[in-house]
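A.B. asks: Structure in structure tokens, see below.
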Amino acid sequence: MNNAKERTSPLTAVIMIPIALIVALPLYYIVVNTFKTQAEMSSSPFALPTQLFLDNYATVFGTVPLVQSFANTLFVTVVSLVLMLIIGSMAAYGMIIGSTRFTRWFGAVLVLGFIIPSQSTLIPLYRLLVQIRLIDTLSGLVLLYSAGSIFCYFLIQGYMKSIPYELVEAARIDGASEWQVFWHVTRPRLAPIMMILVVLRFGTAMAVIDEYLIFGGFNRASPTYTWTMFMYDQAFHLGLWRQGYGAAIGMIGAIAMMIVMAGLLWLFRPKG
């Protein structure tokens, strides 16, 4: 075994450090402005705060809609994400195990889900949910966003092909049903791709705005008034331009969501 230490080229550091600083700049901008007054933020947005101004956070914690809006976001994000992973993995398993000419053609048709812009389907989906009486409900949002199962299906299917088929055959010989083969043999081996999908889909599900707008919009009494809408409403929509306040809402929500995502990563972690 070669124990020689690998040395990083100085050119790599020269290139990567500026890129890292550019990536970190938006986060720095948000964090420092949560501790500034509106006047100080407008005059020097990138400078450090002259004094520790905590009124933004005090106002956030004293605002009643924050708790409910965050709970709405948490429900929609976690439930839709779990559904996407379950539906996507089961569909990928069925399409691989029961591979026929029909399933191959059907898989090709699913690719259309990536070609059609999601914004072009908002009005038909809105009318559909009105007809089935799920408009302006969290269940309707979960159903709407669970369409991301197609994305999960394609990634899981590609990863599932790397699992030795001999494991499935051995389980069948031992008398396992098809459900037992999937749940006890195949599913545990999908943990790495599941963790990747949790990271990829979690942030997207949490930040969705278009779908929320067509449901309840900026109506605080609406059950679909989520944390994302609350942040946008306070920072931009009301015309007050309270970006420091909006940034404080974003930081609190982001920290809380990272805790939730850590729990999901633990749930879908590789075992054994």
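Readers should treat all values here as calculations from the given coordinates under stated rules, not as data from a laboratory. Treat the numbers as computed from the prediction; the structure is a model and nothing was measured. Note that each Cβ is placed from the backbone with ideal geometry, even for glycine, and that neighbours are counted across all protein chains shown.
A.B. asks: For the peptides 118-125, 87-94, what is the packing order when you average, over each peptide's residues, the other Cβ atoms within 10 Å and list the highest mean first? Present the calculation step by step, with values, prior to reporting the outcome.
C.D. replies: Working: 118-125: 12.0, 87-94: 21.0.
Per-residue mean Cβ counts within 10 Å order the peptides as 87-94, 118-125.
A.B. asks: To continue, here is another question. The list (1) 15.1; (2) 21.9; (3) 20.5 gives values of mean projected area of the Cα convex hull in nm², and only one came from this structure; which label was calculated from it?
C.D. replies: Of the listed options (1) 15.1; (2) 21.9; (3) 20.5, (2) comes from this structure.
A.B. asks: Under unit Cβ charges (Lys, Arg +1; Asp, Glu -1), what dipole magnitude, rounded to 20 debye, does the chain have relative to its Cα centre?
C.D. replies: Using only the charged Cβ atoms, the result is roughly 420 debye.
A.B. asks: Additional query: Sort 149-161, 40-52 for me by packing, meaning the mean count of neighbouring Cβ atoms within 10 Å per residue, highest on top.
C.D. replies: Ranking the peptides 149-161, 40-52 by packing returns 149-161, 40-52.
A.B. asks: Which of PHE106, VAL198, ALA256 sits farthest toward the positive end of the charge dipole of the chain, with +1 on the Cβ of Lys and Arg and -1 on the Cβ of Asp and Glu?
C.D. replies: Farthest along the dipole direction, towards plus: PHE106.
A.B. asks: Give the peptides 223-234, 181-192 in descending order of average Cβ contacts within 10 Å, highest first. Numbers along the way, then the final one.
C.D. replies: On the way: 223-234: 23.1, 181-192: 16.7.
Answer by packing, highest mean first, reads 223-234, 181-192.
A.B. asks: Ok, one more. Which of the three applies to the range 1-123, rounded, prolate or oblate, going by the alpha-carbon gyration tensor with a ≥ b ≥ c and a/c under 1.5 meaning rounded?
C.D. replies: Here the range 1-123 falls in the oblate category.
A.B. asks: Further question: Assuming 0.692 mPa s and 37 °C, estimate D for the range 10-54 with Stokes-Einstein, Rh taken as the Kirkwood radius over Cα pairs, in µm²/s.
C.D. replies: Estimated diffusion coefficient is 279 µm²/s.
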